[in-house]
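Asker: Structure in structure tokens, see below.
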Amino acid sequence: MAPKKRRKPSRTVDKPPERAHTVSMLQVNGNTEAVPVNTLVDLRSGDAAILDRIDLPGEDARRLMELGFLPGTRVTAGLSAPGGDPRVFQVDGSEIALRRETARQMKVRMQKGPAKP
């Protein structure tokens, strides 16, 4: 007689999947409305948007917030290097260059109307 095959235990509906406890992320969200969200990478030169959240590990997010990238702050896309990376963004009166990987993790809401100084 052949041995019985064991079934994998099925997950219960009310129990969420396990999360790895070794990764910590800091998600800062200043938006309370449901608005389509883009990233800083999606902005063209001269476009302005409102920073919605930063999806980066705690230390990286903290450093960006120290530089002025706070939720609710207006960010304007500037020029980029010849290869497109890094790119300059204007925030809180400063110009800061960010790599594409970092800018991709920063979610923004498009600002309605023309960019204001």
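The values are calculated or read from the model by the stated rules, or taken from the named source; none is laboratory data. Just so it is clear, the model here is predicted, and its values are computed rather than measured. Counting neighbours? That spans all protein chains shown, and the Cβs are built from the backbone with ideal geometry, glycine included.
Asker: Looking at (1) modelled with pLDDT of 80 or more; (2) touching a helix residue (DSSP H, G or I) at 6+ places or on another chain (Cβ under 9 Å), find the lone condition where Gly78 falls short.
Answerer: It is condition (2) that Gly78 fails.
Asker: Identify all residues within the stretch 54-65 that are crowded, with 19+ Cβ neighbours inside 10 Å and either basic (Lys, Arg) or in a strand (DSSP E or B) (or both); write none if there are none.
Answerer: Within the stretch 54-65, Ile54, Leu56 meet the criteria.
Asker: Can you tell me which residues in the stretch 80-99 are among the basic types (Lys, Arg) and either within 16 Å of Met65 (Cβ to Cβ) or surrounded by 15 or more Cβ atoms within 10 Å (Cβ to Cβ) (or both)?
Answerer: Of everything in the stretch 80-99, just one residue is among the basic types (Lys, Arg) and either within 16 Å of Met65 (Cβ to Cβ) or surrounded by 15 or more Cβ atoms within 10 Å (Cβ to Cβ) (or both), namely Arg87.
Asker: Check Glu18, Glu33 and return the single one that is at pLDDT below 55 and of a type outside the set (A, V, I, L, M, F, W, C).
Answerer: Sole residue among the options that is at pLDDT below 55 and of a type outside the set (A, V, I, L, M, F, W, C): Glu33.
Asker: When the stretch 66-99 is examined, which residues are found to be in a strand (DSSP E or B) and among the hydrophobic types (A, V, I, L, M, F, W, C)?
Answerer: Scanning the stretch 66-99 gives Val75, Ala77, Leu79, Val88, Phe89, Val91, Ile96, Ala97, Leu98.
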